[in-house]
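Student: Structure incoming, see below.
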Amino acid sequence: MNQIFLMMKQKIIVLFSILLFLGAIAFMAWDFFLSKESAQKNPYVYDISNFRKTDSASLCYKETAQIKPDAAELRGIATSSDDRIFVTGDNKVFCFEKDGKPVFDFQTENPGQCIAISPSGEIFLGIENHLEIWNESGKLIKKWEAFNESSFITSIGISEKYIFVADAGNKKVFRFDHLGNLTLTIGEKDTLKGIPGFIVPSPYFDLLLGRDGELWVVNPGRHAFEAYNQNGDMISTWSKTSMQTDGFSGCCNPSHIALLSDGSFVTSEKGIERVKIHLPSGEFKCVVAAPESFIEGTRGLDLATDSHDRILVLDPGKGIVRIFEK
């Protein structure tokens, strides 16, 4: 009798253990797969949605016009001394009057990644690892030799004496004379001169010439602006790393820059798509175009300004040039 009782007791314990185990499995399955909270909230996903919202009080420009070049993929923008607007897209160069009226366009063998217009009106294109110089008639004047296999040209600055080229592939800026001779390499790490070296994780590496002839280069991995004299000596720098509107974040920002007549910088970013103005000293001034006005994920917001301090934003996501005024 006792033996039967013990056997029944063992069976009950085993059955209870099985039920308890199955209950635990069911709870775990519900928790992982059916729980509403776990389905809607992932603690490992970094939410930047709050940084995409902009206080309207910080806006200082408004969009006044748009231009739509006949191209599927827009890449670069520049303005000439007479305020004509030049755009590269697909395998073409487009020229527009400042009011958006088409002037001319011509075909190129390969797409121009970046564009600059010389004081004499020559059109410089950065095409993968070399430069090409064209005239307004669509004639190729000169094709420079490729720098090297690693080169990827992302920005061109032209002065009366020199041509400065940002090479994201080699993480350097090269100075050439107008005959195409390399005369100086700028930005190589030099601790004695206080030059940290460029950190360029992706093909966004911009430069421009300042009001006093100084060369400004974005060090995108450091979220920094570095100023050099035309002999390659660093003369000034500022940076601001922040997810907030007053700074820059991510692997490589700002992605593009332009200059206003008072020396202020116009900047664009990827990751959090926005266009802003920073004073010459680096302090944040205001927002030109908020993240809400761009398609999320848009990259390549190239910038240009004209003599009236209008800001031209190349928007590849929407396939247009957007013109902003104070």
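Student: Report, by residue number, each residue of segment 265-317 that is of a type in the set (Gly, Ala, Ser) and under 17 Å from TRP216 (Cβ atoms). Before the answer, list the steps.
Tutor: So the first thing to find is which residues in segment 265-317 are of a type in the set (Gly, Ala, Ser), and the list is 268, 271, 281-282, 289-290, 293, 297, 300, 304, 307, 317.
The answer is SER268, SER281, GLY282, ALA304.
Student: Given the conditions (1) modelled with pLDDT of 95 or more; (2) surrounded by 13 or more Cβ atoms within 10 Å (Cβ to Cβ); (3) over 29 Å from LYS326 (Cβ atoms), and given that GLU136 satisfies all but one, which numbered condition is not satisfied?
Tutor: Of (1) modelled with pLDDT of 95 or more; (2) surrounded by 13 or more Cβ atoms within 10 Å (Cβ to Cβ); (3) over 29 Å from LYS326 (Cβ atoms), only one is false for GLU136: (1).
Student: Could you check how many residues of segment 272-289 are surrounded by fewer than 22 Cβ atoms within 10 Å (Cβ to Cβ) and either assigned to a loop (DSSP other than H, G, I, E, B) or among the acidic types (Asp, Glu) (or both)?
Tutor: We begin by selecting, within segment 272-289, every residue surrounded by fewer than 22 Cβ atoms within 10 Å (Cβ to Cβ); these are 272, 277, 279-287.
This time we only want the ones that are either assigned to a loop (DSSP other than H, G, I, E, B) or among the acidic types (Asp, Glu) (or both), so: 272, 279-283.
Matching residues across segment 272-289 total 6.
Student: How many residues are outside any strand (DSSP E or B), out of contact with any His (no Cβ under 8 Å at 6 or more places or on another chain) and surrounded by 14 or more Cβ atoms within 10 Å (Cβ to Cβ) when one looks only at segment 50-90? Show your work before the answer.
Tutor: Step one: of segment 50-90, the residues outside any strand (DSSP E or B) are 50-58, 60-61, 68-73, 80-84, 90.
Keeping just the survivors that are out of contact with any His (no Cβ under 8 Å at 6 or more places or on another chain) gives 50-58, 60-61, 68-73, 80-82, 84, 90.
Those still in the list that are surrounded by 14 or more Cβ atoms within 10 Å (Cβ to Cβ) too: 51-52, 54, 58, 61, 69, 71, 80, 84, 90.
Counting residues in segment 50-90 that are outside any strand (DSSP E or B), out of contact with any His (no Cβ under 8 Å at 6 or more places or on another chain) and surrounded by 14 or more Cβ atoms within 10 Å (Cβ to Cβ) gives 10.
Results for (1) aliphatic (A, V, I, L, M); (2) within 27 Å of GLU145 (Cβ to Cβ); (3) surrounded by 14 or more Cβ atoms within 10 Å (Cβ to Cβ); (4) in contact with a Cys (Cβ under 9 Å, 6 or more places away or on another chain), shown as yes or no for each residue.
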{"residue": "VAL173", "(1), (2), (3), (4)": "yes, yes, yes, no"}
{"residue": "ASP177", "(1), (2), (3), (4)": "no, yes, no, no"}
{"residue": "THR185", "(1), (2), (3), (4)": "no, yes, no, no"}
{"residue": "VAL200", "(1), (2), (3), (4)": "yes, yes, yes, yes"}
{"residue": "LEU208", "(1), (2), (3), (4)": "yes, yes, yes, no"}
{"residue": "GLU226", "(1), (2), (3), (4)": "no, no, yes, no"}
{"residue": "ILE235", "(1), (2), (3), (4)": "yes, no, no, no"}
{"residue": "SER249", "(1), (2), (3), (4)": "no, no, yes, no"}
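Student: Whether any residue in segment 188-198 is touching a helix residue (DSSP H, G or I) at 6+ places or on another chain (Cβ under 9 Å) and not basic (Lys, Arg) is what I want to check.
Tutor: Initially, segment 188-198 is screened for residues touching a helix residue (DSSP H, G or I) at 6+ places or on another chain (Cβ under 9 Å), giving 196, 198.
With not basic (Lys, Arg) added as a condition, the list becomes 196, 198.
Within segment 188-198, one or more residues are touching a helix residue (DSSP H, G or I) at 6+ places or on another chain (Cβ under 9 Å) and not basic (Lys, Arg).
Student: Given the options GLU296, GLU269, GLU292, GLU214, name the one that is assigned by TED's automatic domain parsing to the domain that holds THR54, surrounded by 18 or more Cβ atoms within 10 Å (Cβ to Cβ), acidic (Asp, Glu) and touching a residue at least 12 places away in the same chain (Cβ under 8 Å). Lay out the reasoning, then the answer.
Tutor: On the way: GLU296 fails: surrounded by 18 or more Cβ atoms within 10 Å (Cβ to Cβ); GLU292 fails: surrounded by 18 or more Cβ atoms within 10 Å (Cβ to Cβ); GLU214 fails: surrounded by 18 or more Cβ atoms within 10 Å (Cβ to Cβ).
From the options GLU296, GLU269, GLU292, GLU214, the qualifying one is GLU269.
Student: So for segment 148-171 (the condition being within 23 Å of the chain's Cα centre (by Cα), more than 26 Å from GLY112 (Cβ to Cβ) and at pLDDT below 95), does at least one residue qualify?
Tutor: no
Student: Considering only residues that are β-branched (Val, Ile, Thr) and either at pLDDT 95 or above or not assigned by TED's automatic domain parsing to the domain that holds LEU125 (or both), which ones fall in segment 174-211?
Tutor: So the first thing to find is which residues in segment 174-211 are β-branched (Val, Ile, Thr), and the list is 183, 185-186, 191, 195, 199-200.
The answer is THR183, THR185, ILE186, ILE199, VAL200.
Student: Please go through segment 91-109 and pick out each residue that is surrounded by fewer than 17 Cβ atoms within 10 Å (Cβ to Cβ) and either at positive phi or in a loop (DSSP other than H, G, I, E, B) (or both).
Tutor: Once the filter is applied, which keeps residues that are surrounded by fewer than 17 Cβ atoms within 10 Å (Cβ to Cβ) and either at positive phi or in a loop (DSSP other than H, G, I, E, B) (or both), segment 91-109 yields ASN91, GLU97, ASP99, GLY100, LYS101, GLU109.
Student: Okay, next question. Taking the residues in segment 166-195 that are aliphatic (A, V, I, L, M) and part of a loop (DSSP other than H, G, I, E, B) as candidates, determine which candidate is nearest to ILE127 (Cα to Cα). Give the derivation first.
Tutor: Initial filter on segment 166-195 (aliphatic (A, V, I, L, M)): 166, 168, 173, 179, 182, 184, 186, 192, 195.
Imposing the further condition that a residue be part of a loop (DSSP other than H, G, I, E, B) reduces the set to 168, 179.
Working: ALA168: 13, LEU179: 18 Å.
This residue is ALA168.
Student: Buried (at least 18 other Cβ atoms within 10 Å of the Cβ), in contact (Cβ under 8 Å) with a residue 12 or more places away in the chain and assigned by TED's automatic domain parsing to the domain that holds ALA289, is that true of LYS161? Walk me through it before giving the result.
Tutor: Numbers: buried (at least 18 other Cβ atoms within 10 Å of the Cβ): no; in contact (Cβ under 8 Å) with a residue 12 or more places away in the chain: yes; assigned by TED's automatic domain parsing to the domain that holds ALA289: yes.
Spelling it out, it is not the case that LYS161 is buried (at least 18 other Cβ atoms within 10 Å of the Cβ), in contact (Cβ under 8 Å) with a residue 12 or more places away in the chain and assigned by TED's automatic domain parsing to the domain that holds ALA289.
Student: Since GLU128 meets every condition but one in (1) at negative phi; (2) of a type outside the set (Val, Ile, Thr); (3) modelled with pLDDT under 95, which condition does it not meet?
Tutor: Unmet condition: (1).
Student: Of these, GLU292, GLU296, which one is among the acidic types (Asp, Glu) and under 15 Å from the mean Cα position of the chain (by Cα)?
Tutor: Exactly one of GLU292, GLU296 is among the acidic types (Asp, Glu) and under 15 Å from the mean Cα position of the chain (by Cα), namely GLU296.
Student: With respect to ALA304, determine if the residue is over 15 Å from SER255 (Cα atoms) and touching a Leu at 6+ places or on another chain (Cβ under 8 Å). Before you say what the answer is, go through the steps one by one.
Tutor: Working: over 15 Å from SER255 (Cα atoms): no; touching a Leu at 6+ places or on another chain (Cβ under 8 Å): yes.
Spelling it out, it is not the case that ALA304 is over 15 Å from SER255 (Cα atoms) and touching a Leu at 6+ places or on another chain (Cβ under 8 Å).
The values are calculated or read from the model by the stated rules, or taken from the named source; none is laboratory data. Treat the numbers as computed from the prediction; the structure is a model and nothing was measured. When we count neighbours, we look across all protein chains shown, and the Cβ atoms used for this are built from the backbone with ideal geometry, even at glycine.
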